[in-house]
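As structure tokens, the structure follows; a few thoughts come after it.
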Amino acid sequence: MLLLGLVFYSCSLVKRVPENKHLLEKNDITVNGEDKNDDDHNAQMYQLPNTNILGYHVRLHLFNLATPNADSSYHAWLERKPGRHEFMQSLLSEKQVQRLGNSFIVSGFSNFLKKTGEPPVLVDLARVKKSRNRLYAYYYKKGYFRAKTAYTVDTLENKRAIVHYTVDTGKPYIVDSISTSIETPVLDSLYNTSKADAMIKKGKQYNEADFTGERDRITTYFRNRGAYTFQQNNVSYVVDTVNTDYKANVDIVIDNESVRQGDSTFIRPFKLYKISQVNIYTQNPTSADQSIDSVSYNGFRLFSTGKLNYRPKALTDAVFIAPGSTYADFRRVLTSRGLTNLKVFNYPTIQYVEDSTDVSGQSLITNIYLNPRKKFRFNVSADFLHSNIQDFGIQGSLGVSIRNIFRGAEILEISTRGNIGSSRDVAIKDNAFFNILEYGADAKITFPRIFFPFNTERVIPKNMIPSTILSVGLGRQRNIGLDKENFTGILSYNWTPLRNRHTAKLDLLNIQYIRNVNAGNYFNVYTSSYNALNEFAIKYNAPAQYFEPENPQELIIEQGTTSFITDVANNALPSPITADDKQAIARIEERRQRLTENNLIFASNFTYTTTTRENLTDNTFFIFKTKVESAGALLSLLGGSLKENKGIDVGARSVFNVQYSQYIKGELDFIKHFDLGRQKVLAMRAFFGLAVPYGNSNSIPFTRSYFGGGSNDNRAWQSYSLGPGRSGGLNDFNEANLKMAYSAELRFNIFGKLNGAIFGDLGNIWNVFDQETDPAYTFNGFSSFEDLAFGTGIGFRYDFNFFVVRFDVGFKTYNPGNPEGNRWFREYNFSNSVLNVGINYPF
């Protein structure tokens with residue numbers, strides 16, 4: 001059967017290959033006797049084999065399924081049986097009968113298969129020869145001027161063929177002498193100050209990429225030092241390889257500037273320009289006055305139609321082209337970026353004109369034109385939701401952004417948000433359809449500078465495009481969990497130390513206060529804890545009054561659960577309790593107290609991110625992010641001025657009767673993408689995070705702890721269902737303070753905008769350096785690496801251009817929560833799989 005399947009598969013591939021033609025099976029490239037089938041060599045081919053996914057030619061099969069000439073087949077069918085055409089005419093007009101051949105019913109599906117599929121790649125000798133010539137050019141550019149290339153076509157059974165390319169590179173040419181011929185003296189001096197950085201070096205193998213790179217380097221270097229009119233085509237090379245014994249003698253030639261004036265052209269030396277004047281033009285769209293308002297500030301001249309609506313410093317701080325400075329391209333780019341980052345103007349226009357008042361002709365006037373955005377922008381959004389909490393929900397927000405609110409390019413954003421939903425959760429007693437509610441309000445103001453009482457220019461100069469964000473938020477939940485009230489306040493500084501490749505963020509103050517309004521609902525929400533406690537109550541014959549009258553097998557929440565826990569602690573049960581069970585019940589109560597207590601988090605954190613990503617289409621890059629956070633340190637400095645907490649931790653300090661959290665937290669996050677060519681990308685992510693409580697705390701607040709599982713984590717487990725350690729996810733919401741995670745996925749195109757992925761996720765969470773002591777929950781050195789959960793799966797993604805909808809199915813490949821010997825592949829089936837729905841890629 002397997003042999004028959006392989007034969008059928010092989011024949012189906014060449015179904016649409018004409019006689020005496022051959023399907024391209026493979027390009028075999030051999031260079032100096034060594035196989036070279038990497039991306040660089042495949043990029044020289046004018047023909048590549050049909051795409052495949054793990055060896056299966058999906059798109060070719062789709063194309064083969066299509067009817068080649070569906071319209072002609074329809075007309076042949078129409079005339080095949082006498083009277084069929086006349087019968088169709090009796091139902092439809094003749095025009096409709098003819099049009100039916102082009103309809104979706106007849107041709108549409110075949111046209112869809114042809115469009116999404118891929119026709120067979122047939123060996124074309126003309127393209128083969130072009131590929132051979134391109135291989136020769138590829139090695140010629142690398143200094144193999146005497147390379148030889150050839151090809152042969154090896155035909156196989158079932159209309160297939162392999163094309164063999166051979167390259168004999170010969171001996172490469174080496175750069176020997178390097179001389180320069182630069183006619184403009186000032187440019188000759190500039191070149192000599194930078195030639196140590198030249199990409200063309202004596203003794204290095206000839207490579208055309210070095211010559212292109214050196215041309216770019218020279219142009220960039222000159223234009224950043226005043227050579228405003230210098231262009232790349234002003235650099236040329238003379239390379240002598242005649243009778244040099246495989247040596248290349250290079251002459252770098254830079255002629256004088258050719259200037260066109262009217263119908264005539266003349267030659268002159270290049271000039272180095274300075275900026276004599278900077279003019280900034282803006283508008284006041286709210287003013288009906290069309291007169292020009294002008295202001296001079298620190299050498300800048302500002303003009304406005306109507307009264308100038310900005311403080312001069314707010315604009316000039318974003319301009320890096322200063323009067324008296326040397327012309328430089330990078331200052332223009334930096335100025336454009338700085339003005340755009342203000343977010344109160346559309347993309348600026350920056351122009352240079354020669355200053356006619358300078359008799360030397362070496363001065364430029366810079367004109368910057370700013371088109372303000374609308375002062376007010378209203379934001380309205382609405383979404384329909386479905387989650388593990390809500391069966392159905394409607395979420396909406398209403399907000400307004402006010403630009404330039406204090407005339408310093410500040411932006412104030414005020415918004416309100418709300419969510420009403422329907423839930424059948426047994427913990428919710430409200431029987432109305434919309435029985436859960438969440439609402440809140442936020443305010444945020446952004447300053448395009450470091451807002452601080454002291455001057456920070458020396459530490460964070462303005463060319464790092466700094467900004468300050470001050471935000472506050474209030475939120476309230478009803479019939480969701482413990483019905484939390486939430487207050488947040490953040491003072492954050494942001495800047496970019498090295499152009500766009502590095503970003504830094506300092507949250508000087510990150511304050512969060514969480515109040516659990518309905519703490520008595522704990523056992524209704526955390527049913528796993530309740531069920532475990534209830535089993536203990538039945539086992540040890542708890543008093544009947546602790547149970548529901550209608551159901552004597554269920555503890556009353558909250559009267560019965562509290563009484564039973566108190567009896568256990570006081571050894572007041574009618575039946576003696578084992579030490580292990582007493583410890584388990586104490587752990588349940590400890591978790592209840594921790595998750596129902598109010599939290600005050602008074603933290604500071606610093607995040608630094610570096611990336612090599614050029615743009616959104618770049619598929620070969622890395623992103624590295626590190627974050628350090630400290631909570632409670634500032635409050636601890638107040639020391640004795642704070643009251644001792646009256647809560648669960650004796651001797652702990654509190655503010656407004658709330659025990660504040662104290663911990664230090666560090667995170668490392670690394671993402672790497674590899675472009676494998678032909679729309680295949682290998683993406684990987686590694687994460688490590690650790691939060692250590694100290695001083696005023698013996699655990700990490702729930703909102704700042706780690707969890708495992710979910711659409712952006714280990715996709716074989718649902719959110720909060722993985723870990724800690726090998727405990728098996730016994731609680732409803734499992735969290736811990738140590739996390740390790742690694743994910744890798746191969747992404748590929750199936751057809752059109754539909755993409756697929758094969759992924760593997762490895763990781764878990766553990767308790768460490770906190771109050772948890774159970775070895776199943778804690779990290780215990782190298783032995784705990786056996787607790788790493790492994791999930792694998794497949795995914796499908798549809799690209800809507802502006803976002804991607806993602807469906808991933810994860811399978812538990814190795815589950816550390818199972819007993820030893822039953823961890824591998826025991827739940828590798830669809831009944832235990834997890835479907836993840838997400839927007840955009842997980843990393």
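The values are calculated or read from the model by the stated rules, or taken from the named source; none is laboratory data. Predicted model only: the values in this text are computed from it and were never measured. Here the Cβ is made from the backbone with ideal geometry for all residues, glycine too, and neighbour counts use every protein chain on show.
Annotations for the structure displayed:
- The one condition in (1) exposed (fewer than 13 other Cβ atoms within 10 Å of the Cβ); (2) in contact with a Leu (Cβ under 8 Å, 6 or more places away or on another chain) that residue 162 fails to fulfil: (1)
- Candidates are the residues of the stretch 779-797 that are free of Cβ contacts under 8 Å to residues at least 60 places away in the same chain and under 30 Å from residue 695 (Cα atoms); the one that is surrounded by the most Cβ atoms within 10 Å (Cβ to Cβ) is 779.
- Odd one out for residue 766, checked against (1) part of a loop (DSSP other than H, G, I, E, B); (2) buried (at least 21 other Cβ atoms within 10 Å of the Cβ); (3) among the aromatic types (Phe, Trp, Tyr): (1)
- Of the criteria (1) crowded, with 17+ Cβ neighbours inside 10 Å; (2) assigned to a strand (DSSP E or B), which one residue 471 fails: (1)
- Among the helices (runs of 4 or more DSSP H) confined to the stretch 491-569, the ones with at least 1 residues that are under 30 Å from residue 630 (Cα atoms) and touching a Leu at 6+ places or on another chain (Cβ under 8 Å) are located at 522-525.
- Of all residue pairs spaced 6 or more apart or on separate chains, those with beta-carbon atoms under 6 Å, a first member in the stretch 604-627 that is outside any loop (DSSP other than H, G, I, E, B) and a second member that is small (Gly, Ala, Ser) are 604/630; 608/504.
- The set of residues from the stretch 417-449 being β-branched (Val, Ile, Thr) and modelled with pLDDT under 75 comprises 426, 428.
- Qualifying positions in the stretch 684-714 - under 30 Å from residue 809 (Cα atoms) and of a type in the set (A, V, I, L, M): 684, 686, 690
- Here residue 408 clears all of (1) closer than 21 Å to residue 379 by Cα; (2) in contact with a helix residue (DSSP H, G or I) (Cβ under 6 Å, 6 or more places away or on another chain) except the condition numbered (1).
- Here residue 309 fulfils each of the conditions (1) surrounded by 15 or more Cβ atoms within 10 Å (Cβ to Cβ); (2) closer than 15 Å to residue 350 by Cα; (3) not acidic (Asp, Glu) apart from (2).
- Verdict on residue 747 being assigned to a loop (DSSP other than H, G, I, E, B), crowded, with 20+ Cβ neighbours inside 10 Å and of a type in the set (Lys, Arg): no
- Tally of residues being of a type in the set (A, V, I, L, M, F, W, C) and over 23 Å from residue 518 (Cα atoms) across the stretch 537-590: 11
- From 158, 224, 133, residue being in contact with a strand residue (DSSP E or B) (Cβ under 9 Å, 6 or more places away or on another chain) and without any contact (Cβ under 8 Å) to a residue 24 or more places away in the chain: 133
- Selected residue [in contact (Cβ under 8 Å) with a residue 24 or more places away in the chain and within 27 Å of the chain's Cα centre (by Cα)] from 330, 376, 384, 345: 345
- In the stretch 119-149, the qualifying residues are those that are more than 41 Å from the chain's Cα centre (by Cα) and among the small types (Gly, Ala, Ser), and the one that is surrounded by the fewest Cβ atoms within 10 Å (Cβ to Cβ) is 126.
- Subset of the stretch 727-744 [in contact with a Lys or Arg (Cβ under 9 Å, 6 or more places away or on another chain) and either crowded, with 19+ Cβ neighbours inside 10 Å or modelled with pLDDT under 95 (or both)]: 731, 737, 741, 743
- For the stretch 429-468, filtering for residues that are hydroxyl-bearing (Ser, Thr, Tyr) and outside any strand (DSSP E or B) leaves 1.
- Taking the stretch 443-463 as the range and being touching a residue at least 40 places away in the same chain (Cβ under 8 Å) and either surrounded by 20 or more Cβ atoms within 10 Å (Cβ to Cβ) or closer than 25 Å to residue 420 by Cβ (or both) as the test, the residues that pass are 446, 448, 449, 450.
- Restricting 267, 275 to those that are touching a Ser or Thr at 6+ places or on another chain (Cβ under 7 Å) and over 24 Å from residue 320 (Cα atoms) reduces the list to 267.
- From 759, 800, residue being under 20 Å from residue 683 (Cβ atoms) and surrounded by fewer than 18 Cβ atoms within 10 Å (Cβ to Cβ): 800
- Residues that are assigned to a loop (DSSP other than H, G, I, E, B) and surrounded by 13 or more Cβ atoms within 10 Å (Cβ to Cβ) within the stretch 205-237 comprise 206, 207, 224, 225, 226, 227, 228, 229, 230, listed in sequence order.
- For the condition β-branched (Val, Ile, Thr) and assigned to a loop (DSSP other than H, G, I, E, B), residue 700 qualifies.
- Check on residue 776, crowded, with 17+ Cβ neighbours inside 10 Å, among the small types (Gly, Ala, Ser) and either closer than 21 Å to residue 705 by Cβ or over 22 Å from the mean Cα position of the chain (by Cα) (or both): yes
- Scanning the stretch 714-738 for residues that are of a type outside the set (S, T, N, Q) and touching a residue at least 60 places away in the same chain (Cβ under 8 Å) turns up 715, 716, 717, 722, 723, 725, 726, 728, 729, 730, 732, 733.
- Flag for residue 689 being surrounded by fewer than 21 Cβ atoms within 10 Å (Cβ to Cβ), in contact (Cβ under 8 Å) with a residue 40 or more places away in the chain and part of a strand (DSSP E or B): yes
- Meets criteria (outside any strand (DSSP E or B) and of a type in the set (A, V, I, L, M)) for residue 776: yes
- If you filter the stretch 28-62 down to residues that are part of a loop (DSSP other than H, G, I, E, B) and aliphatic (A, V, I, L, M), you find that the one that is nearest to residue 675 (Cα to Cα) is 43.
- Within the stretch 606-627, tally of residues that are hydrophobic (A, V, I, L, M, F, W, C) and touching a Ser or Thr at 6+ places or on another chain (Cβ under 8 Å): 4
- Given (1) among the polar types (S, T, N, Q); (2) part of a loop (DSSP other than H, G, I, E, B); (3) loosely packed, with under 15 Cβ neighbours inside 10 Å, index of the condition residue 381 fails: (2)
- Taking the stretch 541-564 as the range and being within 26 Å of residue 734 (Cβ to Cβ) and either surrounded by fewer than 20 Cβ atoms within 10 Å (Cβ to Cβ) or small (Gly, Ala, Ser) (or both) as the test, the residues that pass are 554, 557, 558, 560, 562.
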